[in-house]
C-alpha cells in the first residue's frame with residue numbers, strides 16, 4: 001500500500017497539491033461564518049434529571065429559567081419617580097422584543113428581591129427563547145440595543161445568555177490571536193531544528209492545510225449537530241500541533257533516506273513505508289483517546305471529541321499525501337549538506353549516550369523519577385470538581401460583573417433557584433414545600449399554595465403563584481440564600497433526599513452542574529476501559545510485545561498524574577494565579593480533566609508510537625534488547641524532543657486567552673507533553689526496558705503469528721537499500 005501511495009503521489013504530485021490548495025481555500029472560506037454556528041453552552045446532560053425537569057417546565061408550564069439579566073443603576077436610587085418611569089418603559093420595551101418572554105422587573109412586580117440592598121440598582125429578568133445559536137445571536141443584538149446609558153439609567157447586560165455570548169466572542173478572538181503568534185514562532189523553531197528554510201516551511205504548509213480544511217469540515221458538521229466554540233480551538237491549535245508532529249517525523253525520515261544516497265522516488269517510497277506507517281498508527285492512538293469524549297453525554301465535550309478525531313485524521317492524511325507531493329516537487333532541496341556532514345557512526349549521539357547512562361543504573365533512576373512524578377501528582381488527590389460559570393471570564397467581562405453584583409448586593413438567589421417539578425401533581429404541595437424550606441441554605445420555597453420559609457407559610461397563594469400549576473402538574477421554586485455556587489450545589493442533593501409524596505424531578509443551574517459531574521463520573525470507568533483495551537491492542541500490533549503495551553499505559557498514567565497534580569496546585573489552589581491572571585475558585589472545572597486527559601493521553605501515546613516503532617526496527621535488524629533501545633532513542637529522540645517543544649509552543653498559545661478554561665489547557669498540555677518527552681521517554685522508558693531485558697519483546701507463539709500478519713514493522717526494506725547505514729536524526 002505504501003509503495004502504491006508513493007507511486008501515485010510522485011506521479012500526480014501537482015494534481016495532489018492543487019486539490020489540497022483548493023480544499024484548504026474552500027475550508028477557509030466556509031469557516032468565516034463558522035462561529036455563528038457554534039455554541040458556548042452544551043456543558044449539561046440533556047438526558048439527566050435536571051434536563052428532564054427543564055423540558056417539563058418548557059413543555060408543561062411554558063417557562064424557562066431566566067437567561068438574561070439587565071442590571072439597572074439609577075444615580076438617585078431606583079425608587080425615584082424618574083427612575084421608576086424609565087425602568088417601567090425599559091421593562092415594557094424588552095417585553096415587546098421578538099423572542100423574549102417572561103420579562104419581570106422590580107418596577108413591574110414590586111418584588112423586593114429585585115432591588116439591591118442600597119436601593120441604587122434593580123434587576124430586569126427575562127428569557128430569550130430558541131436554541132443556543134439563536135439565543136447567542138439574539139442576546140448580542142439586545143446587548144447593543146439596551147446596554148449603556150439612557151433616560152438617567154445605566155444598564156449592564158448579564159445572565160447566562162450574555163455570558164455565553166461573551167465566551168463565544170472571546171474564543172473567536174483567541175483563535176485569531178493564537179494563530180498570529182504560533183506561526184512565526186514555530187517557523188523560527190523549525191528553522192533551528194532542520195537548519196534550512198525549505199524543510200522548515202513544509203510542516204507549516206501541512207499544518208495550514210490541516211487547520212483550514214478542519215475548520216471547513218467543522219462548518220459542515222455544525223449543520224447537522226451542535227458544536228461548542230471550543231471545538232474550533234481544538235481544530236486550529238491541535239491541528240497545528242499534530243500536523244507539525246507528523247511532518248517532523250516524515251521530513252526527518254525523508255532526509256535520512258536522501259542522505260543514504262537514494263533517489264527522490266526511492267526516498268519517498270521508503271519514507272511512506274516506514275514513517276508513514278508509524279503516522280497511521282500514531283493518528284489512530286490519538287483518535288481512540290479523543291473518541292472517548294464522544295462517549296460523554298455533554299454535547300460540548302462530545303463535539304470536542306468529534307473535532308479531535310477529525311483533526312487527527314486530517315493531520316495524518318495531509319502528512320501522507322501533501323507532504324510526499326511536496327517532496328516530489330522539491331526533490332533533494334529538502335535535504336541539506338549539513339545533514340550529511342553530521343552523519344557519523346552509530347553510538348556517539350547525545351540520546352544514545354543518555355540511554356546508555358540510564359540503562360547502566362536502571363533501578364535507582366527509575367525509582368527517583370517515579371518518586372518525583374508521584375510527588376508532583378500528590379495534589380491531584382485533593383481535586384474538587386466545579387462547574388463552568390462567569391468566573392472563567394476576565395474581570396473586565398460585563399456578564400461577570402453583573403453576576404458578581406447580583407450575588408453581593410441583592411438579597412436573592414432567584415437566578416440560582418432550583419425547580420422541583422411534579423409532572424403528575426402533589427396532593428399536599430404546601431406540606432412538601434414546608435419540609436424543603438427547613439433545609440440549610442434555603443431562603444424561600446414558592447409553589448401554587450403560597451410561599452414558605454423556615455418550615456412555615458410566609459405568604460398565602462396569590463395571582464403570582466398561579467404559574468406554579470398547569471393541569472395536574474405542579475412545580476416548586478426553591479430559592480437559595482445568597483451564598484456561593486458551591487453551597488447551592490450541595491443543596492441539590494439535600495432537596496432530592498427529601499421524601500416526596502409523588503414523583504419529582506429537580507432542575508436548575510446547580511442541578512445541571514451536579515448532573516453533569518455525575519454523568520462524567522459514571523462514564524469514566526467505561527471510557528478508561530475502552531481506551532485502555534484499544535491502546536493495548538494497537539501497541540501490541542506496533543511492538544509485537546505483550547508487556548510493552550501495559551508498560552506504556554503505566555508510564556502514561558504516571559505522566560498524566562503529575563500533570564493533573566500540577567493543574568490542581570496552580571488552578572484550584574491558585575498558587576500561580578498572579579502569573580497567569582485568573583480568578584481562583586477553589587475548584588477545578590469538571591470538564592477540564594476529561595478534555596485534558598484525552599488530548600494529553602493521545603499525544604503521550606503518539607510519542608510512544610514514534611519511539612517504540614524505531615526501537616522495534618533496530619531490534620528486528622538484530623540489535624540486542626539494550627542496544628535496540630539506545631539506537632532507537634538515538635535516531636528518533638532528537639526529533640521527538642523537537643516535536644514536543646514545537647507542539648508545546650503551539651499549546652502555549654492558549655495562554656493568550658482571557659478564559660481560565662483555555663489557560664488551563666495552555667499550561668496543562670505543554671506540561672504533559674514535556675514531562676512525557678523528557679522524564680518518561682528519556683529516563684523511565686529506557687530504564688524499565690533495561691530491567692525487563694529480553695522479556696520486553698516476549699509474546700506467546702499465537703500472538704507472534706498475529707503480529708507477523710497484522711503488525712507494524714517500521715522498515716524501508718521494501719525500497720532500495722541505502723548505500724550506508726543511516727544514523728541521521730539524532
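Observations, loosely collected:
- Scope region 486-499; condition buried (at least 20 other Cβ atoms within 10 Å of the Cβ) and either out of contact with any helix residue (DSSP H, G or I) (no Cβ under 8 Å at 6 or more places or on another chain) or modelled with pLDDT under 90 (or both); matching residues: 488, 489, 491
- Conditions (1) modelled with pLDDT under 85; (2) outside the structural domain of residue 328 (by TED's automatic domain parsing): number failed by residue 199: (2)
- Across region 105-121, the number of residues qualifying as closer than 22 Å to residue 465 by Cα and surrounded by 19 or more Cβ atoms within 10 Å (Cβ to Cβ) comes to 5.
- There is at least one residue in region 133-156 that is outside the structural domain of residue 225 (by TED's automatic domain parsing), modelled with pLDDT under 85 and crowded, with 22+ Cβ neighbours inside 10 Å.
- Boolean, residue 124 is crowded, with 23+ Cβ neighbours inside 10 Å, touching a strand residue (DSSP E or B) at 6+ places or on another chain (Cβ under 6 Å) and in a helix (DSSP H, G or I): no
- Applying the criterion of at least 2 residues that are free of Cβ contacts under 8 Å to residues at least 60 places away in the same chain, touching a strand residue (DSSP E or B) at 6+ places or on another chain (Cβ under 6 Å) and not assigned by TED's automatic domain parsing to the domain that holds residue 73 to the strands (runs of 3 or more DSSP E) found wholly in region 351-458 leaves 442-447, 450-453.
- Being under 24 Å from residue 296 (Cβ atoms), free of Cβ contacts under 8 Å to residues at least 60 places away in the same chain and part of a helix (DSSP H, G or I) is a property that does not hold for residue 599.
- Listed by position, the helices (runs of 4 or more DSSP H) inside region 625-702 whose residues that are touching a residue at least 12 places away in the same chain (Cβ under 8 Å) and more than 26 Å from the chain's Cα centre (by Cα) number at least 2 are 625-652, 685-692.
- Failed condition for residue 520, given (1) surrounded by 24 or more Cβ atoms within 10 Å (Cβ to Cβ); (2) farther than 30 Å from residue 705 by Cα; (3) out of contact with any strand residue (DSSP E or B) (no Cβ under 7 Å at 6 or more places or on another chain): (1)
- Among the helices (runs of 4 or more DSSP H) confined to region 1-107, the ones with at least 1 residues that are more than 30 Å from residue 511 (Cα to Cα) and touching a strand residue (DSSP E or B) at 6+ places or on another chain (Cβ under 7 Å) are located at 81-95.
- Restricting attention to region 523-546, the residues that are surrounded by 20 or more Cβ atoms within 10 Å (Cβ to Cβ) and assigned to a helix (DSSP H, G or I) total 8.
- Breaking point among (1) assigned to a helix (DSSP H, G or I); (2) within 41 Å of the chain's Cα centre (by Cα); (3) buried (at least 18 other Cβ atoms within 10 Å of the Cβ), for residue 478: (1)
Matching residues to (1) modelled with pLDDT of 85 or more; (2) closer than 21 Å to residue 61 by Cβ:
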residue	(1), (2)
450	yes, yes
456	yes, no
470	yes, yes
482	no, no
501	yes, yes
504	yes, yes
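The values are calculated or read from the model by the stated rules, or taken from the named source; none is laboratory data. Keep in mind the model is a prediction, meaning the values are calculated, not measured. Don't worry about glycine lacking a Cβ; one is built from the backbone with ideal geometry, like all the others, and counts go over all protein chains shown.
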